[in-house]
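Q: Pasting a structure below so you can have a look.
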Amino acid sequence: MSSNQLYPFERNRYYPGKMLTSADFQAEQNYHINKGRFLNNLMYGRGIICGMGVFSLDDQSVLIESGAAIDGSGRNVIIDSSAVKKLSAIEGFDSLTGDVARLKVRFREQDVHSVYSVNHKEDDREYEYNRIAEGYELFLQDKSELDDAPGFDTEFLTSEVMFRSDNYTGQILMPSIVCKGRTVKIVLEIKKTGDEDVKLTCRGILETPVFVTADGEHEIEIGAEDISLKKDGVLRKEYWVRVEDTSAIESELILRSGTARAYEDESAINTAAHFSIRVRLSDASPLELVSREIGKTNLEMIGAQLPDDSVPLADIRLVRTSNSYIIDSITEESVKQYVMTPSQELMRNDFMSYYIKPVELMKQRESAGTARDTAYSSRRSELSNIATGTLEIPLGRNAREGDIRYSGEIAHGLGQGNVYVDIGYSFVSDDPEMGANQKSTIYGNPDLFSYNNQRLADVETAVKVLNEKGSFVVAARLLRNVEYLVLSFRWVAIRFPSGDDMELTEDYYDKSISVDTPTVIMGTKESHFFGVRFNNMKNVSVTYELTAPASGEISSDGIYTAPAKEGVYEIRIYCTDMPVICTYAYAIVRKKMLDDPAQAAPAVEDKG
């Protein structure tokens, strides 16, 4: 089997008195030929550059148009003039056993121009060929016997199987890394794997915590109705969502428990009860992510691929008789692969303009899609009445009991007026009861939380708020000797409304939030996304928290993971900047999901 590795490259070194032989001239040619093929392979890949259309002239003959292509080894395959061929005269026809044959073309060299060899010896041939003509040859293969082209292993896409049977397989595909603030495509890919002629219907609901649909929803209903595919056929349904610009570094796409359904001619097939697809969130641009993934392909990976020395042109469906055949149809779509050359860029862009909106319109659409977030951002800056931050007070090496130290002047960012500021002592706890290496803040007397193995700094604090300047200063007096060089505090500032601000505060009382599904029944260790609806208010950032320990886990984007223990667990959800606006959700966790999805969950009082 030939190898497609053309490197390392060696070229002739010329020097005075060097005797040149035919091997030297051959090395000269190989250097330039292999360099060109190497660049073709890396820069353009395999496919058709132009032409090479296939048409049926009559029941037994085809026309192959002139054209150019590049094969898997980077060689130029040129059909210099259109050719008419009887199908039975093409190589491989006699070996066909199926009803569909794939027509291919490959590179072929042929020695031409026989000349007399002047210096031939007795054992040498008297005549030699003076040229090598580069040409092509056509051949046929049974489509059923074709091997799929080997591909590179990539981590760019992540997937989960939604349903599977002897006839169909459906899976969800999406990039494993998505770009914050950008759109991304989620694909439902359905493949026909069996021979049985059946129709498929499937559906399910995907929960998308950090992904927003065009309607502003955090869930997507996916599926297909009464589709029928031929064997090896593929149907891809695309769902576009926008990634929210969040501080999170990862999130999940969740198949809601019990929503996946698939039927073949109304007979149910196996579906996934529940799954989640974890994706990373990146601040990089899509171009940067894609370029990085493609750039991972090294020369060893390329060299490990078997060279494909042919270029597919068309699939030809035959109707056979006892002693003859008839060309039934010719299919080029999805068979031909094309090389995108720079010389065709202007024509390609002109033709694509009939299918794709201009960039200006696309930007307007994106702006309209984010108008709600922009409006909220502006409104939030007007309503914001809470601020927080950290501060440090240096003690120096000679601090003793009774010493007073002051912070610098700190701007709280809430403007002038009546502002209340409180501070809490921050420290890293290594107490087992509090959790190892957990950062904590104590508001009040730190001595109440001191343990034998760790004594905290005991200080008395006071805050002076400079109302006219919109800032404050903190004073700390040591109640005992400490060995700390710096005291760390977290401060919280609350601006009390007055005058015109009262009207803004009153606006809170006609606003509320509610949970899409306030009560859910789920299995242990399963996940569910609690989506939130905003009533009489713009969409704002919300915070999720569990109201009791050992209640499972809740992520910052609302994905709740049930514990291993059965029970009813409560989740509090409130607006991050307006905690007074809150609601509650409940998870009823059982070791085994109910078989009857119609059975209603028991009513739980909504505290919202």
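The values are calculated or read from the model by the stated rules, or taken from the named source; none is laboratory data. Since this is a predicted model, take the numbers as computed values, not measurements. Note that we place each Cβ from the backbone using ideal geometry, even for glycine, and neighbour counts take in every protein chain shown.
Q: Tell me, please, whether a residue that is at positive phi and small (Gly, Ala, Ser) can be found in segment 177-199.
A: Yes; the residues of segment 177-199 include at least one that is at positive phi and small (Gly, Ala, Ser).
Q: Of the residues in segment 221-250, how many are of a type in the set (Val, Ile, Thr) and crowded, with 18+ Cβ neighbours inside 10 Å?
A: Taking segment 221-250 as the starting set, the residues that turn out to be of a type in the set (Val, Ile, Thr) are 222, 227, 234, 241, 243, 246, 249.
Checking which are crowded, with 18+ Cβ neighbours inside 10 Å leaves us with 222, 241, 243.
Qualifying residue count, segment 221-250: 3.
Q: Exactly one condition in (1) surrounded by 16 or more Cβ atoms within 10 Å (Cβ to Cβ); (2) under 30 Å from ASN539 (Cβ atoms) is not met by GLY216; state its number.
A: Against the list (1) surrounded by 16 or more Cβ atoms within 10 Å (Cβ to Cβ); (2) under 30 Å from ASN539 (Cβ atoms), GLY216 comes up short only on (1).
Q: Ok, one more. Looking at SER367, SER381, SER377 in this structure, which one is loosely packed, with under 10 Cβ neighbours inside 10 Å and modelled with pLDDT under 50?
A: On the way: SER367 fails: loosely packed, with under 10 Cβ neighbours inside 10 Å; SER377 fails: loosely packed, with under 10 Cβ neighbours inside 10 Å.
One residue alone meets the criteria, SER381.
Q: Here is a further query. Tell me which residues, restricted to segment 263-285, are within 24 Å of ALA224 (Cα to Cα) and either in the same structural domain as THR561 (by TED's automatic domain parsing) or not charged (D, E, K, R) (or both).
A: Once the filter is applied, which keeps residues that are within 24 Å of ALA224 (Cα to Cα) and either in the same structural domain as THR561 (by TED's automatic domain parsing) or not charged (D, E, K, R) (or both), segment 263-285 yields TYR263, SER267, ALA268, ILE269, ASN270, THR271, ALA272, ALA273, HIS274, PHE275, SER276, ILE277.
Q: Yes or no: segment 18-38 includes at least one residue that is surrounded by fewer than 12 Cβ atoms within 10 Å (Cβ to Cβ), within 21 Å of SER310 (Cα to Cα) and not assigned by TED's automatic domain parsing to the domain that holds LYS336.
A: Checked against the condition, which is being surrounded by fewer than 12 Cβ atoms within 10 Å (Cβ to Cβ), within 21 Å of SER310 (Cα to Cα) and not assigned by TED's automatic domain parsing to the domain that holds LYS336, segment 18-38 yields no hits at all.
Q: Something else now. All but one of (1) surrounded by fewer than 16 Cβ atoms within 10 Å (Cβ to Cβ); (2) part of a loop (DSSP other than H, G, I, E, B) hold for VAL161; state the number of the condition that does not hold.
A: The single condition VAL161 does not satisfy is (2).
Q: How many residues are buried (at least 17 other Cβ atoms within 10 Å of the Cβ) and within 16 Å of ILE581 (Cα to Cα) when one looks only at segment 540-566?
A: Residues flagged as buried (at least 17 other Cβ atoms within 10 Å of the Cβ) and within 16 Å of ILE581 (Cα to Cα) within segment 540-566 amount to 3.
Q: Another one. Look at segment 525-553 and say how many of its residues are hydroxyl-bearing (Ser, Thr, Tyr) and part of a loop (DSSP other than H, G, I, E, B).
A: Filtering segment 525-553 down to residues hydroxyl-bearing (Ser, Thr, Tyr) leaves 527, 541, 543-544, 547, 551.
If we keep only those that are part of a loop (DSSP other than H, G, I, E, B) too, we end up with 541, 547, 551.
Final tally of qualifying residues: 3.
Q: Now a separate question. Right, SER114: in contact with an Asp or Glu (Cβ under 8 Å, 6 or more places away or on another chain) and among the small types (Gly, Ala, Ser) or not?
A: Values: in contact with an Asp or Glu (Cβ under 8 Å, 6 or more places away or on another chain): yes; among the small types (Gly, Ala, Ser): yes.
It is true that SER114 is in contact with an Asp or Glu (Cβ under 8 Å, 6 or more places away or on another chain) and among the small types (Gly, Ala, Ser).
Q: Before we move on, is TYR168 closer than 25 Å to ALA314 by Cβ, at pLDDT 90 or above and not hydrophobic (A, V, I, L, M, F, W, C)? So that I can check it myself, show each step before the final result.
A: Details: closer than 25 Å to ALA314 by Cβ: no; at pLDDT 90 or above: yes; not hydrophobic (A, V, I, L, M, F, W, C): yes.
Judged against the criteria, TYR168 is not a match.
Q: Continuing with this model, one more query. Could you say which residue among THR517, THR524, THR543 is out of contact with any Cys (no Cβ under 7 Å at 6 or more places or on another chain), at pLDDT 90 or above and under 29 Å from LEU281 (Cα atoms)? Give the derivation first.
A: Numbers: THR517 fails: at pLDDT 90 or above; THR524 fails: at pLDDT 90 or above.
So the residue among THR517, THR524, THR543 that is out of contact with any Cys (no Cβ under 7 Å at 6 or more places or on another chain), at pLDDT 90 or above and under 29 Å from LEU281 (Cα atoms) is THR543.
Q: Of the conditions (1) closer than 30 Å to SER488 by Cα; (2) modelled with pLDDT of 75 or more; (3) surrounded by fewer than 12 Cβ atoms within 10 Å (Cβ to Cβ), MET352 clears all except one; give me its number.
A: Answer for MET352: the failing condition is (1).
Q: Which of the residues spanning segment 13-55 are over 27 Å from ASN298 (Cα atoms), in contact (Cβ under 8 Å) with a residue 12 or more places away in the chain and part of a loop (DSSP other than H, G, I, E, B)?
A: If the condition is that a residue be over 27 Å from ASN298 (Cα atoms), in contact (Cβ under 8 Å) with a residue 12 or more places away in the chain and part of a loop (DSSP other than H, G, I, E, B), then MET52, GLY53 are the ones that fit.
Q: Are any residues in segment 578-591 under 26 Å from GLU244 (Cα atoms) and surrounded by fewer than 16 Cβ atoms within 10 Å (Cβ to Cβ), and if so, which ones?
A: Result: PRO579, VAL580.
Q: One residue is enough: does segment 196-205 have a residue meeting the conditions over 10 Å from the mean Cα position of the chain (by Cα), modelled with pLDDT of 90 or more, of a type in the set (S, T, N, Q) and not assigned by TED's automatic domain parsing to the domain that holds PHE530?
A: Taking every residue of segment 196-205 in turn, at least one turns out to be over 10 Å from the mean Cα position of the chain (by Cα), modelled with pLDDT of 90 or more, of a type in the set (S, T, N, Q) and not assigned by TED's automatic domain parsing to the domain that holds PHE530.
Q: Another question, if that's okay. In the set THR576, THR524, THR583, THR543, which member is more than 30 Å from VAL492 (Cα to Cα) and either of a type in the set (Ser, Thr, Tyr) or assigned by TED's automatic domain parsing to the domain that holds ILE220 (or both)? Step through it out loud before you land on a result.
A: On the way: THR576 fails: more than 30 Å from VAL492 (Cα to Cα); THR583 fails: more than 30 Å from VAL492 (Cα to Cα); THR543 fails: more than 30 Å from VAL492 (Cα to Cα).
When all the criteria are applied, what remains is THR524.
Q: Run MET522 past the list (1) crowded, with 17+ Cβ neighbours inside 10 Å; (2) in a loop (DSSP other than H, G, I, E, B) and report the number of the one that doesn't hold.
A: With respect to (1) crowded, with 17+ Cβ neighbours inside 10 Å; (2) in a loop (DSSP other than H, G, I, E, B), MET522 is out only on (2).
Q: For the subset of segment 268-288 comprising residues that are out of contact with any Ser or Thr (no Cβ under 8 Å at 6 or more places or on another chain) and in a loop (DSSP other than H, G, I, E, B), which member is surrounded by the fewest Cβ atoms within 10 Å (Cβ to Cβ)? Even if it seems obvious, please write down each step before you answer.
A: As a first pass, look at segment 268-288 and keep what is out of contact with any Ser or Thr (no Cβ under 8 Å at 6 or more places or on another chain): 268, 271-272, 275, 282-288.
Still in the running and in a loop (DSSP other than H, G, I, E, B): 272, 283-285.
Working: ALA272: 18, ASP283: 10, ALA284: 14, SER285: 12.
So the residue we want is ASP283.
Q: Give, as residue ranges, the strands (runs of 3 or more DSSP E) completely inside segment 175-267 that count at least 2 residues that are farther than 25 Å from PHE530 by Cβ and not β-branched (Val, Ile, Thr).
A: Working: elements: 177-179, 183-192, 200-207, 219-227, 234-243, 250-255, 261-264.
Output list reads 183-192, 200-207, 219-227, 234-243, 261-264.
Q: Taking the condition assigned to a loop (DSSP other than H, G, I, E, B), in the same structural domain as ILE90 (by TED's automatic domain parsing) and either charged (D, E, K, R) or surrounded by 12 or more Cβ atoms within 10 Å (Cβ to Cβ) (or both), does VAL319 pass? Full working, then the answer.
A: Values: assigned to a loop (DSSP other than H, G, I, E, B): no; in the same structural domain as ILE90 (by TED's automatic domain parsing): yes; either charged (D, E, K, R) or surrounded by 12 or more Cβ atoms within 10 Å (Cβ to Cβ) (or both): yes.
Spelling it out, it is not the case that VAL319 is assigned to a loop (DSSP other than H, G, I, E, B), in the same structural domain as ILE90 (by TED's automatic domain parsing) and either charged (D, E, K, R) or surrounded by 12 or more Cβ atoms within 10 Å (Cβ to Cβ) (or both).
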